[in-house]
Amino acid sequence: MEVQKKWKIRLWAAGGYILLGVVFCLVGGITGNNTEILDSFGSGFIVYGVARIAQYLRLSRNPEQMEAVEIAERDERNQMLWDKARSYAFSIYAPATGVAVLVLYLLHKETAGMILAGSLCGLVLLYVIVYIVLKRKY
Amino acid sequence: MTQDELARAIRVTRQTINSLESGKYNASLQLAHQLAQYFDVAIEELFYFEEE
């Protein structure tokens, strides 16, 4: 993918994250429920979006650095490391979440346990779907 | 030639060249081919297959 096209998509995504962050903060402010959680998520999304835009502005003024970043992103060892990190994170997250669900049920926090178990089921389901799609592709 | 110069020439990071040299990372067929082309040698002259 062309560098400019890739950055265009990233900038749109950054705008989307900022918008999502604002929505989170607004919902927290309007409803007044779980404000801390919603504000934390919202601020996280906004900071990520702003950081992406700032990164683009910084790199667009320095073509040499932009090229270095481009090389690092295309580098096959880096891509292997990112894939491995994601794979390990998933492998660790699944059993850790299982234990956490058990602990939450023992502590009679069924709702939190159910949400956590649901998130794990969703992740596993997503994995299966992506696997099937990739299997057809390759 | 430095690792940095080679990395710039074939558009990978210096760390990748370092990992290849130290045997921590195995190059893909594409990268092996690029390196062989750059040095104008056969792939077998640059890399050897070691059964695990």
Out of all the residues in the stretch B:5-15, which are in a helix (DSSP H, G or I) and within 12 Å of chain A (Cβ to nearest Cβ)? B:A7, B:R8, B:A9, B:I10, B:R14, B:Q15
Which numbered condition trips up A:A85, out of (1) closer than 18 Å to A:K6 by Cα; (2) at pLDDT 95 or above; (3) of a type in the set (G, A, S)? (1)
Take the residues in the stretch A:52-76 that are aliphatic (A, V, I, L, M) and in contact (Cβ under 8 Å) with a residue 24 or more places away in the chain; name whichever of them is farthest from A:G16 (Cα to Cα). A:M66
In the stretch B:16-32, what residues are more than 7 Å from every other protein chain (Cβ to nearest Cβ), over 15 Å from B:E45 (Cα atoms) and in a helix (DSSP H, G or I)? B:I17, B:N18, B:Q30
Outside any helix (DSSP H, G or I) and more than 15 Å from the chain's Cα centre (by Cα): is that true of A:N33 in this structure? yes
Does A:I92 satisfy the condition of being assigned to a helix (DSSP H, G or I), away from chain B (no Cβ under 14 Å), under 17 Å from the mean Cα position of the chain (by Cα) and touching a residue at least 40 places away in the same chain (Cβ under 8 Å)? no
Among the listed residues A:D75, A:D83, identify the single one that is within 14 Å of chain B (Cβ to nearest Cβ) and surrounded by 11 or more Cβ atoms within 10 Å (Cβ to Cβ). A:D75
Residue check, A:G29 more than 30 Å from B:A7 (Cα to Cα), among the small types (G, A, S) and touching a helix residue (DSSP H, G or I) at 6+ places or on another chain (Cβ under 6 Å): no
Would you confirm whether any residue within the stretch A:32-51 is without any contact (Cβ under 8 Å) to a residue 12 or more places away in the chain and within 14 Å of chain B (Cβ to nearest Cβ)? no
Right, A:V69: assigned by TED's automatic domain parsing to the domain that holds A:G15, surrounded by 11 or more Cβ atoms within 10 Å (Cβ to Cβ) and either at pLDDT 95 or above or not in a helix (DSSP H, G or I) (or both) or not? no
Please go through chain B and give me each residue that is of a type in the set (S, T, N, Q) and either touching a Ser or Thr at 6+ places or on another chain (Cβ under 7 Å) or under 19 Å from A:A68 (Cβ atoms) (or both), ordered by number. B:T2, B:Q3, B:T13, B:Q15, B:T16, B:N18, B:S19, B:Q34
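The values are calculated or read from the model by the stated rules, or taken from the named source; none is laboratory data. These numbers were taken from a predicted model, which means no experiment stands behind them. Because the Cβ atoms are built from the backbone with ideal geometry, glycine has one as well, and the counts that use them run over all protein chains shown.
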